[in-house]
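Comments concern the structure below.
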Amino acid sequence: MKQTNSIYLYQNTFSSLLSLIQLLIEAKIKPINIKNTNYTPSLFDTIITLEINEKDGINFWISKTTKEIIKTTYYIFLSNNPEKELIIYYFLLNSLKYQNKIFYLRRLNCVTKALKISHQVTNEAHKFKGFTRFKELKNHILYAEIAPENDILILLSHHFKNRLKNEYWIIKDTNRQIISIYDKNKFYIVDNNILKIDHLATTMENEKIEKLWKSFYKTIGIKERQNDRCRMNFMPKKYWKNMLEMSEEIEKNNK
Amino acid sequence: MNLEEKLKILADSAKYDASCSSSGSTRKSKNGIGNTAYAGICHSFASDGRCISLLKILLTNCCIFDCKYCLNRKSNTIQRAIFTPEEIAKITINFYKRNYIEGLFLSSGILKNPDYTMNLLIKTIELLRHKYRFGGYIHAKAIPGASETSLKKLGSLVDRLSANIELPTESSLKLLAPNKEISKVDNIMQYIKKNHQKNFVPAGQSTQMIIGATKETDKDIIGKSESLYHHYQLKRVFYSAYIPVNQDKLLPRLKIPPLKRENRLYQADWLLRYYGFTTQDLLDDKNPNFNLLLDPKADYAVRHINEFPKEINTCSYKDLLKIPGIGIKSAKRIASSRKLFTLQFKDLKNMGVVLKRAKYFITCNHKYFINPEYFEKKFIESNLILEDKEKLTQTKKQLSFFE
Ligand code: SF4
């Protein structure tokens, strides 16, 4: 007979996950599965929901660990790794004991994994700081679409909040169907279906600027140094879709 | 001439400048648009694989000088163009807003005289900073022969200000750039170094040398860089493989630019700045040029094989940096971790050490990775060279697979 599979649920927020992990550790439970509430259980699953106080959870970890540990944990939380909750669990469990020394304990499997994932998320967020492309809509709102692997929209929004402080902008993550809206003061991340954006028409002026950028891009590469391999290394094809200057290149490749 | 044509001409003339970085500054946006990221951000990569971070253009490609290697030299019959300050500001702001760029790289040919040109640069950047309240990154080129007044003004507006020395020795400069005086470039570097502070060129200065247009050795070039880093605290020296754009009996006839050599110089430059190597460690009169088959660090290790193997658990941090396959990050990780426990080979992998390269040069807990009988110069050297070749064919295969 197959054994039942206990699954601990949290509310899909970072603080909820932290609270749950605190409760599990205090009860000395080693979970085999932690999932958020979007999870569809199968026949052999036993779903367990503990009573979670999100605020307590955050405070607990702030008092028991360090800024660096919480930051790393948060980045893992944003990743698309299907095992991320368990990785966070073991990373935090060990952090209680080792504090910041944990960053040097790559000998522990969970630490190596945790640092690798958090690095991937940081890295992807950094790439999109450069690779995101806005266009100016008729109503002067700047609009961009991105398709990142990890849930980096919030990290990116912080970046553009500082950089494009006095502009209205919207960034849509087409993989997750969520959008970030900035009103020159704060940004709000909401589900795509809450806000219908169907006026994506741009201005003539915008088209002129886009043409200028494309011709700048073509001009700035030195023919004698052409190096597709190198370009692909730094800017793999998966990013090209939303990058204006690569549209011709994509067409060329599809022919 | 419309704006697009102008942009094409003036970007085309600017593209040979190798400098691309947008790092080293922490300008915050106040009421306007834009800030800078200390680590720099690449916004795209051109067809030649170089990072595009800044809108790299010349204010004008008109020039009163006749440097032999330069597309814009007076004696060339090419189409000439001049941007107005308003045009540059408009393109910069519009590109920046759409997140195409991190900022502006503005250089220029010399129009009338150095200070006249400097004033045009100043006017343009003032317009950007004051009228458009632009807080993004600006790298401007100082024109050799500019007065201190104009250097002072320009330096207070930009993040990076720099002058290119172009050729590593005075004799080469006399030969190919007869109108340029090395002392004028020196003066600019000296001035920037003396006045460098938070509100004056916060991201420091850089320079560029053209590689392969004249007969200097790598030792001459890297030696020059070393002294520039030392004297003027330059942030970067860029190397630009010579690309023949002009016909001239004084210029070498190259079919392909010396890219491998350029790459070796960048690797060596890195070793100078971050790994504690000196020119003397890397090259000498018997070997004045880099080994094209082996990177400078591995080459050093093979030539100084009697200094190896190094024991990972006890050798100094400085020595860790000398080991091929160990970078700054992994050296730091090793130094911190070995205080907590004794490192084994399997730990090194998790720390980002490239064991394939490092294994010949280290012991871990007094064990050598392979049979100690193989600790022999010829054996190690040929293995390293072979591995590099394999890696190259592998990546080529992988890429053709994705295409
Ligand atoms: S001064 Fe500059 S732009 Fe003028 S010819 Fe010499 S290198 Fe070219």
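The values are calculated or read from the model by the stated rules, or taken from the named source; none is laboratory data. This one's a predicted model, so the numbers in the text were calculated from it and none came from an experiment. All Cβ positions, even for glycine, are placed from backbone atoms using ideal geometry, and neighbour counts span all protein chains on display.
Within the range A:201-227, if we keep just the residues that are of a type in the set (A, V, I, L, M) and more than 7 Å from every other protein chain (Cβ to nearest Cβ), the residue that is farthest from the chain's Cα centre (by Cα) turns out to be A:M204. For B:R129, the conditions (1) more than 16 Å from the ligand (Cβ to nearest atom); (2) surrounded by 21 or more Cβ atoms within 10 Å (Cβ to Cβ) all hold with the exception of (2).
Go through (1) under 19 Å from the mean Cα position of the chain (by Cα); (2) facing chain A (nearest Cβ under 7 Å); (3) within 16 Å of the ligand (Cβ to nearest atom) for B:S19 and report which single condition fails. Only one criterion is unmet by B:S19, namely (2).
Just checking, which of B:L157, B:L176, B:L161, B:L151 is modelled with pLDDT of 90 or more and more than 30 Å from B:I33 (Cα to Cα)? Write out each step before concluding.
On the way: B:L157 fails: more than 30 Å from B:I33 (Cα to Cα); B:L161 fails: more than 30 Å from B:I33 (Cα to Cα); B:L151 fails: more than 30 Å from B:I33 (Cα to Cα).
The conditions single out B:L176.
Taking the range B:178-237 as the range and being part of a loop (DSSP other than H, G, I, E, B) and under 13 Å from the mean Cα position of the chain (by Cα) as the test, the residues that pass are B:Q205, B:L234, B:K235. Scanning the range B:83-92 for residues that are within 17 Å of A:E207 (Cβ to Cβ) and either without any contact (Cβ under 8 Å) to a residue 40 or more places away in the chain or more than 9 Å from chain A (Cβ to nearest Cβ) (or both) yields a single hit, B:K90.
Go through the range B:22-76 and count every residue that is assigned to a loop (DSSP other than H, G, I, E, B) and away from the ligand (no atom under 16 Å from the Cβ). Give the derivation first.
Taking the range B:22-76 first, the residues assigned to a loop (DSSP other than H, G, I, E, B) are B:22-32, B:34-43, B:46-50, B:53, B:59, B:61-76.
If we keep only those that are away from the ligand (no atom under 16 Å from the Cβ) as well, we get B:22-32, B:34-43, B:46-50, B:53.
Number satisfying all stated conditions: 27.
Among the residues making up the range A:94-121, those that are free of Cβ contacts under 8 Å to residues at least 24 places away in the same chain, within 11 Å of chain B (Cβ to nearest Cβ), surrounded by 18 or more Cβ atoms within 10 Å (Cβ to Cβ) and outside any loop (DSSP other than H, G, I, E, B) are A:Y104, A:V111. Selection of the range B:137-169 for residues being within 16 Å of B:Y69 (Cβ to Cβ) and outside any strand (DSSP E or B) yields B:P144, B:N164, B:I165, B:L167, B:P168, B:T169.
Every residue, every condition in (1) acidic (D, E); (2) more than 8 Å from every other protein chain (Cβ to nearest Cβ); (3) assigned to a helix (DSSP H, G or I), yes or no:
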| residue | (1), (2), (3) |
| --- | --- |
| A:S157 | no, yes, yes |
| A:N162 | no, no, yes |
| A:R176 | no, yes, no |
| A:I194 | no, yes, no |
| A:I197 | no, yes, no |
| A:R229 | no, no, yes |
| A:E249 | yes, yes, yes |
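Taking the conditions (1) within 27 Å of the chain's Cα centre (by Cα); (2) within 11 Å of another protein chain (Cβ to nearest Cβ); (3) not small (G, A, S) in turn, A:I189 satisfies each one other than (2). When each of A:E145, A:E124, A:E149 is tested for being more than 11 Å from every other protein chain (Cβ to nearest Cβ), in a strand (DSSP E or B) and modelled with pLDDT of 95 or more, the lone residue that passes is A:E145. State whether one or more residues within the range B:29-47 are surrounded by 19 or more Cβ atoms within 10 Å (Cβ to Cβ), of a type in the set (V, I, T) and away from every other protein chain (no Cβ under 13 Å). No; the residues of the range B:29-47 include none that is surrounded by 19 or more Cβ atoms within 10 Å (Cβ to Cβ), of a type in the set (V, I, T) and away from every other protein chain (no Cβ under 13 Å).
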